[in-house]
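Input: a single structure, listed below in structure tokens.
Rule-based calculations on the coordinates, nothing more; no lab input. It should be emphasised that the depicted structure is a prediction, and the values quoted were computed from it without experimental measurement. Glycine also receives a Cβ, built like all others from the backbone with ideal geometry; neighbour counts cover every protein chain displayed.
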Amino acid sequence: MFTTAWSASPQLPAEGFTPNWSREGFWRQSVRQVVRLSAGGGRLRIRLSHAYGTSPVRLAGATIGRTAVGAAIEPGSLRRLTLADEIPARGSLVSEPVDLAVAAGDSVTVTLYFEAATGPATFHAQAFTVAYRGQGDLLDGAGADGFDAVSESWYFLAAVETDSGRTDGVALFGDSVTDGFGSTVGADRRWSDALARLSGRPVLNAGIGGNLLLNDSAWYGEKGVARFRRDVRGLAGVDTVVVLLGLNDLGFSETDDQPTYQPAPVVEAAELIAGHRELLRQAQGLRVIGCTLPPFGGSDHWGEHAAKVAHELAEWVRCSGEYDAVVDLARELADPGDPDRLHPSYDFGDHLHPNDLGYQVMAEAVSAVL
């Protein structure tokens, strides 16, 4: 039985706040992408997504291997993947399994070659690790030669699965805090990485930077209540989901100088609670852990209304009894001198996102209730 060992939630091609190749797509180019697995196994397969494509994408070939350094692949580990030559519009494609032994915590490198023009590419905007692009068919080269352009996004690649048979996977569902904004690029210091190390369980990141619970965004993904089935229920081997969403529903309406944040309706606590209840309904059969929003006082998301609703939502998460377990990040990450603000030791610098240490604290708090 196959278990998801790594995942990234698909997004509509867009620029947002991350320069990327999604709108231009690829033509006679190879794309090499590095991902860190949270489950081991002896066989691997990949899942590609073109969820936001209006026409099929022709795929000329794909390979996978254990990561060496940068764009280089460990000698002797490169494997050709067998899969259909087309990713359907608004659909996905799964490869046949290949034999390749990996352990939890290992990184693998997936290379895709597109001979024909893809058009705009379904992607995941914020990878916080480097992807590589080169001209021509570079599938069979284990070295880094030819990969002369870099990006910090993932393209078409939505999941890597192993034959571990694990059924205790944990999906983290959220926004940029879950996605890992503020963590050290290329160091695998998101709180999903830390939780995988602490718990020993497969941990899948279903965060999208800028994502909202209640409203779609052209830049930051479909609303949480709409994408939950695909981005959580669609992951193999998951029995637990951790919900941390609503920060942008509050904060975007407080920010008037960022056009990508618009439209941003002003929402009340009752609306956010209804959204959380919809996630709970969709998550039936899974263990669901609810998180209060981290402190964000002093950030560009903070304002009188956002503060009021954040406190009301936190009280509901803590006291309603509707979640199977609760992690109170509003308290775990707070500055003792000002509980509405992130502790200075945990603050990436924008008073909104944790740094590596803050993400470690989050992972420890969740690990304690798994």
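Under Stokes-Einstein, with the Kirkwood radius over Cα pairs standing in for Rh, what whole-number D in µm²/s applies to the chain at 10 °C and 1.306 mPa s? The diffusion coefficient I find is 77 µm²/s. Summing +1 for each Lys or Arg and -1 for each Asp or Glu, what net charge is found among the other residues whose Cβ lies under 13 Å from the Cβ of Ala60? Result for the neighbourhood of Ala60: -2.
Out of the DSSP beta bridges found with both residues in the chain, what percent are antiparallel (nearest 5)?
Values: 50 of 68 bridges.
Approximately 75 percent, going by the DSSP bridge assignments.
Across the stretch 138-214 the C-alpha pair distances fall into 5 Å bins from zero in the proportions 3, 11, 17, 22, 17, 14, 11, 3, 1 percent.
Build a GNM of the chain with springs between Cα atoms under 10 Å apart, and of Ser22, Ser95, Ser153 the one that fluctuates most is Ser95. Note on the chain: helix-only mean residue ellipticity at 222 nm, from DSSP H runs of 4+ residues weighted -39500 (n - 2.57) and normalised by residue number, equals -5000 deg cm²/dmol.
Think of the chain as having a plus end and a minus end, set by charges on the Cβ of Lys, Arg, Asp and Glu; of Phe252, Leu157, Ala270, Leu157 sits farthest toward the positive end of this dipole. Rg over Rh for the stretch 167-367 works out to 0.93, both radii taken from alpha-carbon positions and Rh defined as the Kirkwood radius.
Close amide H contacts of Ser299 (hydrogens built in the peptide plane, cut-off under 5 Å, sequence separation of 5 or more or a different chain): none are found.
Between amide H atoms placed 1.01 Å from N, distances below 5 Å from Glu86 occur with Leu59, all of them 5 or more places distant or on a separate chain. Sequence gap at least 6, Cα distance under 8 Å: using those rules, report the relative contact order of the chain to the nearest whole percent. Dividing the mean separation by the residue count of the chain yields 18 percent.
For the chain, the longest principal axis of the alpha carbon atoms and the long axis of helix 356-367 meet at an angle near 80°. Along its three principal directions, the equivalent ellipsoid of the stretch 3-161 from the Cα gyration tensor extends over semi-axes of 22, 17, 16 Å, largest first.
For the chain, the dipole from Cβ point charges (+1 on Lys and Arg, -1 on Asp and Glu) about the Cα centre works out to 1320 debye, to the nearest 20. Backbone amide hydrogens, once placed in the peptide plane, bring His343 within less than 5 Å of Ala334, Asp335, excluding anything fewer than 5 places away on its chain.
For the stretch 3-161, calculate the relative contact order in percent as a whole number, restricting contacts to Cα pairs under 8 Å that are 6 or more residues apart.
On the way: 459 pairs, mean separation 61.7, N = 159.
Dividing the mean separation by the residue count of the stretch 3-161 yields 39 percent.
Normalised by residue count, the stretch 156-198 yields a Cα convex hull volume of 116 Å³ per residue. Build a GNM of the chain with springs between Cα atoms under 10 Å apart, and of Ala158, Ala226, Ala14 the one that fluctuates most is Ala226.
Take every DSSP beta bridge with both residues inside the stretch 225-370 and express the antiparallel ones as a percent of the total, to the nearest 5. Show your work: numbers first, answer last.
Numbers: 3 of 10 bridges.
Antiparallel bridges: around 30 percent, rounded to the nearest 5.
Could you work out which residue, out of Ala307, Ala149, Ala125, moves most in a Gaussian network model of the chain, that is, has the largest mean-square fluctuation with Cα springs under 10 Å? Comparing Ala307, Ala149, Ala125 in a Gaussian network model of the chain, the most mobile one is Ala149.
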